[in-house]
Amino acid sequence: MSVRSTHRIKIIYAILLGVFLLIPFVVTDDYLLHLIIMTFVWGIVVTNWNLTLGYGGMFHIAQFTLFAIGGYASSISADSFGISPWLGLFIGGFTAALFSLVIGLPSLRVKGIYLILLTFAFHFGIKELVIIAREYTGGSMGIVVPSFGFGTLFYFYFALFLLVISLVATRFIEKSFIGKALVAMRDSEVLAASSGINPYKYKLITFVTAAFITGIAGSFYANYLMVIGPEIFSFTMIVNGLGMIVIGGMGTLFGPIIGSFIITFFMETFNAFEEYRPIIVGAVIILMLIYAPNGIVTEFNKIKEKLKAKARS
Amino acid sequence: MESLLFRAIILGAIYTLASIGLSLQWGVLRNLNFSHGASITFGAYVMWVALSAGGLGYTGAFIIMILMTFLLGVFIEWISIRPFFGKNEVNVFIGTVALSTILAQTYFILFGGRGKYIDPAFDGIVQLGSLRATYHEFFILIVSLVTLLVMWLILTKTKVGLSIRAVSQDQLGSVLIGINTRRVYSITMGVATILAGIAGALLGPILYVEPHMGELPMVKAFVIVILGGIGSFRGTIAAAFIVALVEVMVGSFVGVEWAPLSLFLMMVLILIFKPEGLFGVSERKA
């Protein structure tokens with residue numbers, strides 16, 4: 001990529017960010033703004049998931065575990081110990097990072113189906129733990145969380161801020177030595193290991209970084225909706241999250257956010273067909289996997305390349 | 001005490017049926033079907049429909065259930081395994097998980113969220129010394145034994161069974177001697193799903209039949225196949241009884257809510273320290 005084109009991309013990013021910053025002034029409908037905030041929240045979750053599984057090649061399903069841990073940690077600290085929600089955000093982030101170490105230390109040593117099953121066991125094990133610790137977590141009823149007490153505008157900008165941080169972290173890790181090591185490992189673990197890369201260390205660093213941001217997002221989510229319950233551990237959540245990544249494009253920077261936008265708004269537009277929504281989402285995921293496994297962003301790029309080639313000839 | 005042991009044996013028999021299909025699938029296709037729970041639920045629903053609406057006898061309902069679950073298994077293989085087979089095992093996971101939500105929601109639309117109750121084939125209670133058992137529990141034992149025996153006969157005596165075993169031992173070799181591996185994959189998934197369906201039909205009179213009924217048994221089936229060593233039949237059967245025993249013991253001595261947690265803890269420990277399982281051969285690199 002030439003210097004000029006990277007410069008052009010930077011300008012596009014700046015304009016995009018400006019457009020996003022202006023959204024609350026254009027969109028005055030509170031409900032629509034709420035949907036955009038939710039798009040951001042799921043965007044943060046799947047961007048960080050994508051960082052570990054799209055770039056890092058670690059296909060784990062512990063993302064919503066870490067999200068829920070972040071949410072529960074800050075909610076419990078506010079509900080049972082009266083700690084301020086601002087501090088709660090960091091408590092959420094650090095607790096999720098701590099748990100990601102506990103989950104990651106054994107899990108990231110294995111690959112494939114073993115990694116899926118191990119994170120699966122952690123996911124449902126922690127869910128059971130949450131239900132047993134009824135005294136703090138409210139069991140299957142969940143906790144009512146005190147909010148920040150700010151307006152929608154605050155939540156919008158905070159979510160946007162977290163989303164930008166997630167994107168910057170993804171881009172930073174991708175461009176750094178860690179990212180190059182991860183991609184090398186994803187493509188050939190043997191070759192990477194034989195050229196002196198310690199896969200485990202870099203995987204763990206990426207996993208914990210993503211978990212920290214995810215944990216903060218979890219606390220934010222609980223504070224924003226003012227409630228958190230064990231349905232956050234459900235299969236539907238995992239499927240929706242995977243759907244966002246698959247539809248947008250695994251291993252692309254903006255794909256997961258586009259997927260988050262599509263699924264969040266789809267869920268709302270088809271509110272009348274509430275019962276059929278999970279079926280449609282599931283079917284779209286399977287069709288995308290079969291016909292466009294690299295997601296919308298990659299397909300879009302392909303079409304762009306084709307048009308360019310045509311214009312040249 | 002003996003009633004606890006008896007309960008563990010009954011549970012173990014159902015868990016064997018619920019998990020051995022996964023083990024068979026791993027042996028042949030080298031992947032796991034995460035819509036296995038939806039297959040268990042499917043068996044229970046077909047049984048319920050055939051018994052209540054169809055007015056068929058238990059035998060008729062059972063035969064219809066076996067046919068339908070076989071077709072479901074072939075369908076699962078066709079839509080969510082074959083397109084990704086050999087290319088990307090992660091996509092098999094995403095595909096089968098997506099399919100499982102589609103199936104669960106379909107059950108919800110068709111039958112509603114309220115639990116249905118399947119009448120057991122034989123009603124009544126027997127008193128054997130200090131042991132109180134229902135006829136249905138003996139029915140479970142007999143059906144499980146017969147199913148395992150039939151499966152063993154099919155796998156060792158029929159041509160289809162031999163080709164299934166051949167593919168599980170050597171994929172390339174089977175192609176070379178003229179086995180249609182794609183057909184074997186479909187049939188394997190069909191058989192695995194029948195086993196799940198029978199487990200569902202037997203669970204019907206114990207649990208209420210509702211759209212997510214099969215999910216917990218599926219999760220336990222994963223614990224079992226991991227514990228027994230993925231792909232090992234003997235290991236799976238032994239592990240099914242171990243898991244059932246642990247569940248019953250933890251449930252009655254520590255507390256019912258601790259039983260699932262103890263199973264997940266067991267799964268984590270096994271995967272960390274002995275990923276090939278208690279009885280399996282190491283297949284981590286395969």
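Residues are listed down the side, and each one gets a yes or a no for (1) closer than 30 Å to B:SER186 by Cβ; (2) within 14 Å of chain A (Cβ to nearest Cβ):
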| site | (1), (2) |
| --- | --- |
| B:ILE94 | yes, yes |
| B:ALA98 | yes, yes |
| B:GLY124 | no, no |
| B:SER144 | yes, no |
| B:MET151 | yes, no |
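Taking region A:134-171 as the range and being out of contact with any His (no Cβ under 9 Å at 6 or more places or on another chain) and hydroxyl-bearing (Ser, Thr, Tyr) as the test, the residues that pass are A:TYR136, A:THR137, A:SER140, A:SER147, A:TYR157, A:SER166, A:THR170. Of the residues B:LEU67, B:LEU71, B:LEU32, B:LEU22, the single one that is under 30 Å from B:VAL246 (Cβ atoms) and either assigned to a helix (DSSP H, G or I) or in contact with a Pro (Cβ under 9 Å, 6 or more places away or on another chain) (or both) is B:LEU22. Can you pull out the residues in region A:121-170 that are closer than 25 Å to A:GLY54 by Cα and exposed (fewer than 14 other Cβ atoms within 10 Å of the Cβ)? Residues satisfying the conditions are A:PHE161, A:VAL168.
Right, A:PRO256: more than 15 Å from the chain's Cα centre (by Cα) and surrounded by 15 or more Cβ atoms within 10 Å (Cβ to Cβ) or not? For A:PRO256, the condition - more than 15 Å from the chain's Cα centre (by Cα) and surrounded by 15 or more Cβ atoms within 10 Å (Cβ to Cβ) - is not met.
The criterion of at least 2 residues that are within 10 Å of another protein chain (Cβ to nearest Cβ) is met by the following helices (runs of 4 or more DSSP H) wholly inside region B:182-286: B:215-228, B:258-273.
Of the listed requirements (1) away from chain B (no Cβ under 14 Å); (2) in contact (Cβ under 8 Å) with a residue 24 or more places away in the chain; (3) within 25 Å of A:PHE122 (Cα to Cα); (4) touching a helix residue (DSSP H, G or I) at 6+ places or on another chain (Cβ under 6 Å), A:GLY229 misses just one: (4). Close contacts from region B:135-159, counting a first residue that is under 25 Å from B:ALA121 (Cα atoms) and a second that is among the hydroxyl-bearing types (Ser, Thr, Tyr), with Cβ to Cβ under 8 Å and a gap of 6+ residues or different chains, come to B:SER144/B:THR16; B:LEU148/B:THR16.
To keep it simple, each residue is scored yes or no on (1) modelled with pLDDT under 85; (2) within 14 Å of chain B (Cβ to nearest Cβ); (3) more than 25 Å from A:LEU225 (Cβ to Cβ).
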{"position": "A:ALA96", "(1), (2), (3)": "no, no, no"}
{"position": "A:SER100", "(1), (2), (3)": "no, no, no"}
{"position": "A:LEU105", "(1), (2), (3)": "no, yes, yes"}
{"position": "A:ARG109", "(1), (2), (3)": "yes, yes, yes"}
{"position": "A:ALA133", "(1), (2), (3)": "no, yes, no"}
{"position": "A:GLY138", "(1), (2), (3)": "yes, no, no"}
{"position": "A:PHE156", "(1), (2), (3)": "no, no, no"}
{"position": "A:LEU160", "(1), (2), (3)": "no, no, no"}
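Could we say that B:VAL28 is among the β-branched types (Val, Ile, Thr) and over 25 Å from B:GLU89 (Cα atoms) here? In short, no. Scanning region A:256-306 for residues that are more than 12 Å from chain B (Cβ to nearest Cβ) and of a type in the set (D, E, K, R) gives A:GLU268, A:GLU299, A:LYS302, A:LYS304, A:GLU305, A:LYS306.
Out of the residues in region B:66-92 meeting the condition of being more than 10 Å from chain A (Cβ to nearest Cβ) and without any contact (Cβ under 8 Å) to a residue 12 or more places away in the chain, tell me which one is nearest to A:GLY282 (Cα to Cα). Ranking the candidates gives B:PHE75 first. Taken over region A:200-216, the criterion of being among the polar types (S, T, N, Q) and surrounded by fewer than 24 Cβ atoms within 10 Å (Cβ to Cβ) is satisfied by A:THR209 alone. Hey, does region A:49-64 have a residue that's surrounded by 18 or more Cβ atoms within 10 Å (Cβ to Cβ), within 12 Å of A:THR209 (Cα to Cα) and of a type in the set (Ser, Thr, Tyr)? Yes, region A:49-64 has at least one match. May I ask you to verify whether B:TYR107 is away from every other protein chain (no Cβ under 14 Å) and modelled with pLDDT of 85 or more? No: the conditions fail for B:TYR107. When region B:110-158 is filtered for residues that are loosely packed, with under 11 Cβ neighbours inside 10 Å and at pLDDT below 90, the ones remaining, listed by number, are B:GLY113, B:ARG114, B:ASP123, B:GLY124, B:ILE125, B:GLN127, B:LEU128, B:GLY129, B:SER130. One residue alone among A:ASP29, A:ASP79 is out of contact with any Ser or Thr (no Cβ under 6 Å at 6 or more places or on another chain), in contact (Cβ under 8 Å) with a residue 60 or more places away in the chain, charged (D, E, K, R) and more than 14 Å from chain B (Cβ to nearest Cβ), and that residue is A:ASP79. The set of residues in region B:162-181 being surrounded by fewer than 17 Cβ atoms within 10 Å (Cβ to Cβ) and not in a helix (DSSP H, G or I) consists of B:ASP170, B:ILE177, B:GLY178, B:ASN180.
Taking region A:246-255 as the region of interest, how many residues are among the aliphatic types (A, V, I, L, M) and away from every other protein chain (no Cβ under 13 Å)? Selection size over region A:246-255: 1.
Taking first residues from region A:2-25 that are under 18 Å from A:PHE261 (Cα atoms) and at pLDDT 80 or above and partners that are among the aliphatic types (A, V, I, L, M) and surrounded by 11 or more Cβ atoms within 10 Å (Cβ to Cβ), the Cβ contacts under 8 Å between residues at least 6 apart in sequence or on separate chains come to A:LEU17/A:VAL164; A:PHE20/A:LEU160; A:LEU21/A:LEU160; A:ILE23/A:LEU33; A:ILE23/A:ILE36; A:PRO24/A:LEU33; A:PRO24/A:LEU153. The number of residues in region A:167-216 that are under 19 Å from the mean Cα position of the chain (by Cα) and either assigned to a loop (DSSP other than H, G, I, E, B) or free of Cβ contacts under 8 Å to residues at least 12 places away in the same chain (or both) comes to 2.
Residues that are under 25 Å from B:PHE85 (Cβ atoms) and among the aromatic types (Phe, Trp, Tyr) within region A:274-308 comprise just one, A:TYR291.
The values are calculated or read from the model by the stated rules, or taken from the named source; none is laboratory data. Given the structure is predicted, the values throughout are model-derived calculations rather than measurements. Because the Cβ atoms are built from the backbone with ideal geometry, glycine has one as well, and the counts that use them run over all protein chains shown.
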